[in-house]
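Every number in this text was worked out from the coordinates using simple rules, so none of it is lab data. These figures come from a predicted structure and were not determined experimentally. Cβ coordinates were reconstructed from backbone atoms using ideal geometry, including for glycine residues, and neighbour counts include every protein chain displayed.
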Amino acid sequence: MVSLAVGHLTVTYPECAEPVLKDVNFTLHEGEFAVICGATGCGKTTLLRMLKRELTPLCTQSGSVTFCGTPLPELGAREAAAEIGFVMQHPEQQIVTDRVWHELAFGLENLGVPQDIMRRRIAEIASYFGMEDWLEQDPAVLSGGQKQILNLASVMIMQPKLLLLDEPTAQLDPIAAADFFTTLQRLNRDFSVTILLAEHRLEEVIPQADRLLILEQGTVTCCGTPAAVLRKLAPDAPVMAGMPAAVRLYHAAKGTGECPLSVNDARTKLMPQFARHITELPDPPAPPQRDEALRFREVFFRYERRGRDILAGLSFSVSCGELFCLVGGNGAGKSTVLSVIAGLHRAYAGKIEIFGKKIQDYKNRTLHQNCVTLLPQDVQTVFLKNTVAEELAEISRNYAEELSDFPFPLQPMLAQHPYDLSGGQQQIAALAKVMLTHPRLLLLDEPTKGLDAHSRRQLAEVLHGLQKNGVTILLVTHDIEFAACHADRCGFLSAGSLISADIPTRFFSENAFYTTAASRISRGFYSRAVTVEQTAGLCLRNGRAEG
Amino acid sequence: MRTYDAMNPAAVAVQLLLTACITVFCMEPLLLGVSLCCAVGCFLMRSGAGHKGFHLFALGIPLLFALLNPLWNQHGTSVLFFINDRAITKEALFFGFVTGLRLAAVLYWFRIFSDLMTSEKLFYLLRFLSPKLALVFSMAVRNLTLFRQQMRKIQAAQKGLGLYREKHLIDDVRGGIRVFSVLITWALENGIVTAASMTARGYGTGRRTSCTNFRWKRQDAVLLLCTLLFAGVVIVCISRGSLDREFYPVSVPPEHGFCWYTAIAAYTLLALLPVLHEGKESLIWYRLRSGI
């Protein structure tokens with residue numbers, strides 16, 4: 001049965017010459033799991049909102065949207081609200097009430113469902129999502145992943161037939177995101193809910209999807225099963241950068257046959273296509289010996305006197321001009337390291353030296369004056385003014401001059417409100433603001449969170465540019481692909497101490513579980529190939545296997 | 001076992017408020033004494049030992065008032081002695097003691113009320129008045145938490161950027177204003193998403209119902225009926241003047257007639273309702289469990 005049919009949908013925003021969506025056509029059958037992907041600003045959000053009547057933006061539209069055989073405008077108000085569920089990006093802001101159980105009840109209350117039925121549905125849904133233990137809690141104390149599961153549950157409680165999700169995992173760490181996808185897949189399998197998901201975190205999703213839609217500048221350019229769509233996709237298409245490593249490798253190494261979607265597929269079907277004469281790339285030249293920008297020696301830190309140690313005997317050092325990535329699981333103490341260096345917290349034991357000087361010796365504001373700057377995880381908290389220009393002028397009047405060597409053109413965004421910028425642009429604008437304080441050591445907390453592949457690459461370029469200007473960068477991240485591609489060295493933090501630190505090729509090839517998808521694909525075939533580019537390079541140099 | 005805490009908040013609130021109100025509007029020492037004893041009993045039953053500071057403070061009030069009142073109050077005829085040519089009278093001493101007793105009893109009742117009535121239960125009561133107001137209240141509480149969190153985040157971020165001079169008052173104030181103004185912007189942005197999430201889940205599609213965690217059971221009805229009955233008796237007696245008492249110029253106790261005895265008995269039962277309830281419940285459960 002057709003669940004959703006979109007026919008010749010064209011949408012134009014007021015005061016815009018160009019339509020955002022041009023002649024979009026597709027149908028979804030009941031129980032299908034479809035993924036839309038496309039670069040930021042290609043119209044994904046607009047498309048999803050056109051399918052949810054309550055959220056349709058002010059615009060002129062032509063074409064039709066039919067839900068289960070009824071045109072969308074003709075659906076009853078309650079039917080439309082209940083049967084089409086919508087989950088948005090920000091976990092925090094979708095929550096309405098101050099108790100988890102009340103949040104679950106909210107949708108049902110709106111529909112006028114009687115008490116007894118509400119109670120039963122809440123109990124049911126809480127047991128299905130495994131959230132009985134936190135029913136009585138205030139949502140503010142939940143983790144981001146739990147909040148997003150709550151948002152999903154409070155939509156599912158209305159028993160929708162179609163679920164629309166707009167980048168639901170953008171603000172989550174990889175483990176919470178994987179949990180979320182698993183839950184989605186279970187919903188799809190157990191209740192045949194039709195799912196339409198817009199995402200740029202595609203590594204886990206694409207192997208599970210029934211259908212893949214590619215949206216480019218407002219038009220659906222490809223639509224079909226993931227394997228078929230990805231096989232035809234041009235290697236230089238903008239969406240390619242966000243595809244799973246297996247897909248990128250298939251195109252970069254010019255593989256033949258069916259396009260692999262997962263690591264397993266790539267190892268069994270793609271890798272045997274290539275010969276194995278050369279199994280290793282030469283090590284990059286060792287960097288010249290440089291002074292240390294930062295040095296931790298046996299540092300201990302805890303938040304409360306009777307609490308546990310968050311940093312327990314942490315020792316490591318970062319050389320001047322280096323880009324050092326600190327990776328590790330949730331609660332390993334990554335963000336704490338940064339706040340200790342930035343002077344927001346004080347270690348109770350051990351020695352921290354910044355540019356050869358003990359951290360205690362930086363009196364008053366000297367630690368922050370032309371020395372250390374911390375860019376927090378939520379970059380919105382950096383902005384205090386109405387435009388980017390005012391934001392920069394706040395720190396220095398002749399910001400244009402001082403930022404002349406900033407490796408990104410800031411001119412187009414100067415007049416905009418910082419909150420109106422895309423996630424990637426916000427990150428770069430915040431970086432620009434921070435650079436005006438002339439830091440020599442830049443601390444970044446999860447800078448790639450919520451960014452698509454293109455913005456991540458842009459951010460990496462900016463960071464490399466700053467490195468060339470002599471800035472040392474310490475970056476804390478969950479994003480191991482980013483670390484593998486762009487770091488000079490990576491460190492693995494676990495339970496408050498540094499387990500290992502090395503250049504990415506050695507670091508990730510020696511890890512078996514905590515490593516990149518490309519490294520898991522190439523393992524056993526080649527050694528020390530941890531990025532798609534390195535693996536593809538080796539494949540191409542070896543050529544195709546004979547027979 | 002259904003403890004007094006788990007009873008329906010409406011019944012509990014009516015019981016506690018009526019008990020406390022009668023204490024406020026009555027000056028009969030025996031009734032106040034009963035009220036204080038029952039309140040202390042209920043408090044101990046709920047909170048157990050500990051809270052020494054509170055007990056000391058509350059129980060000290062009658063003594064303190066008894067000592068202080070005669071210093072200001074010259075009424076009364078039975079002079080005990082003179083301080084600086086001021087007469088200290090027996091009546092004034094007694095009046096001070098009774099007033100203190102009343103205050104202490106009320107203090108205990110409200111302490112019990114605030115311990116028992118968590119925010120969740122207050123919302124439930126508010127919902128009786130207006131479901132919409134309750135929703136607004138619930139959202140407001142949530143937003144306050146969010147604001148505080150975001151404010152702390154912004155302040156930490158600004159500190160990490162090193163934009164503030166340390167210990168500089170003008171800087172701190174100016175920084176505070178900027179943070180506040182951006183917080184408003186953030187709240188408005190936030191509100192748009194929340195509003196979208198509300199309409200997406202059918203807010204405003206027609207009549208709403210309201211979900212609560214509390215049920216109305218037979219026991220609650222019994223509790224409410226008992227409360228109203230006992231309180232009714234006491235109030236009727238008070239309005240007939242059976243508990244009126246003169247303190248000045250001479251302390252005259254009211255006539256200890258039928259009405260007086262009824263009022264005291266009814267009030268004792270009213271104030272003891274929590275203890276009686278718990279006693280009954282634990283007895284029943286003790287018997288049930290001993291059958292296992």
Mean separation of Cα contacts under 8 Å (at least 6 apart) over the residue count of the range B:163-264, i.e. the relative contact order in percent, is 15
So the angle from the long Cα axis of helix B:119-129 to the longest Cα principal axis of chain B, reported in degrees to the nearest 10, equals 80
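What FRET efficiency comes out for the pair B:Asp115/A:Lys254, r = Cβ-Cβ distance, R0 = 60 Å, nearest 0.05?
Numbers: r = 73 Å, r/R0 = 1.22.
E(calc), rounded to 0.05, equals 0.25.
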Taking the range A:99-249, the whole-percent share of alpha-carbon pairs separated by over 22 angstrom is 48
In whole angstrom, the spacing between the Cα centers of the range B:252-292 and the range A:476-535 equals 72
Measuring from the longest principal axis of the C-alpha atoms of chain B, the long axis of helix B:9-24 (C-alpha) lies at a number of degrees, nearest 10, equal to 40
Note to self: C-alpha centroids of the range A:384-433 and the range A:176-194 sit apart, in Å, by 40
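Indicate, rounded to the nearest 5 percent, the antiparallel portion of the DSSP beta bridges found entirely in the protein assembly as shown. Each step should come with its number before you reach the end.
Numbers: 45 of 81 bridges.
Counting DSSP beta bridges with both partners in the protein assembly as shown, the antiparallel share is about 55 percent.
What is the mean number of Cβ atoms from other protein chains located within 10 Å of the Cβ atom of each residue in peptide A:95-105, rounded to a whole number?
On the way: counts 6, 10, 8, 13, 7, 0, 4, 10, 3, 1, 5.
That average works out to 6.
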Answer check: the range A:1-82, Cα atoms, Kirkwood Rh, Rg/Rh ratio of 0.96
Bounding extents of the range B:131-200 in its principal axis frame from Cα atoms, largest first in Å, are 47, 20, 15
Going from the fewest other Cβ atoms within 10 Å to the most, one would list A:Met271, A:Met131 as A:Met131, A:Met271
Taking the convex hull of the alpha-carbon atoms of the range B:1-157 and averaging its shadow over every direction gives an area in square nanometres of 15.3
The distance between the Cα centres of the range B:4-38 and the range A:329-344, in whole Å, is 53
For the pair B:Arg207 and B:Ala195, the simple spin-label estimate (label points 7 Å beyond Cα toward Cβ) gives in nm 2.8
Amide H contacts under 5 Å for A:His345, restricted to residues at least 5 apart in sequence or on another chain and with H modeled in the peptide plane, are A:Val340
For chain B, the longest principal axis of the Cα atoms and the Cα long axis of helix B:90-116 enclose an angle in degrees, to the nearest 10, of 30
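For A:Ser127 and B:Arg152, what is the calculated FRET efficiency with R₀ set at 45 Å and r taken between the beta-carbons, to the nearest 0.05? Don't jump to the answer; show the numbers that get you there.
Numbers: r = 35 Å, r/R0 = 0.78.
Result of the calculation: an efficiency of 0.80.
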Per the helix-only model, the protein assembly as shown has a calculated mean residue ellipticity at 222 nm (DSSP H runs of ≥4, -39500 (n - 2.57) each, divided over all residues, rounded to the nearest 500) of -14500 deg cm²/dmol
Plugging the Cβ-Cβ distance of A:Ser317 and A:Phe513 into 1/(1 + (r/R0)^6) at R0 = 30 Å yields, to the nearest 0.05, a FRET efficiency of 0.70
Violations at 19 Å Cα threshold for listed pairs A:Lys357/A:Lys468; B:Lys52/B:Lys90; A:Lys363/B:Lys159; A:Lys22/A:Lys232; A:Lys385/B:Lys159 -> A:Lys357/A:Lys468; B:Lys52/B:Lys90; A:Lys22/A:Lys232
If the chain between B:Leu288 and B:Thr77 were fully extended at 0.36 nm per residue, the gain over the current Cα-Cα distance would be 69.9 nm
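Distances longer than 39 Å among the Cα atoms of chain A: what percent of all pairs is that? Write down the numbers at each step before the final one.
Values: 49503 of 149331 pairs.
Of all Cα-Cα distances in chain A, 33 percent exceed 39 Å.
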Computed D for the range A:292-502, Stokes-Einstein, Kirkwood radius over alpha-carbon pairs, 25 °C, 0.890 mPa s, to the nearest µm² per second, is 140
What the Cα atoms of the range A:2-243 span along the principal axes, largest first and in whole Å, is 50, 39, 33
Between A:Asn330 and A:Asp405, the two model label points (7 Å from Cα along the beta-carbon direction) sit apart by a distance in nm of 4.2
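Let me check against my output: what whole-number percent is the relative contact order of chain B, with C-alpha pairs under 8 Å and at least 6 apart?
Details: 269 pairs, mean separation 89.4, N = 292.
About 31 percent, as a whole number.
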Percent relative contact order for chain A, counting Cα pairs under 8 Å at least six residues apart, stands at 14
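For B:Ile170 and B:Lys52 in the same chain, what is the full-extension length gain: residue separation times 0.36 nm, less their Cα-Cα distance, in nm? Spell out each step's value before the answer.
Values: separation 118, 0.36 × 118 = 42.48 nm, distance 4.42 nm.
Separation in residues times 0.36 nm, less the Cα-Cα distance, equals 38.1 nm.
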Rounded to whole angstroms and listed largest first, the alpha-carbon spread of the range B:22-95 along its three principal axes comes to 48, 26, 16
Taking the range A:251-305, the equivalent ellipsoid from its C-alpha gyration tensor has semi-axes in Å, biggest first, of 44, 23, 10
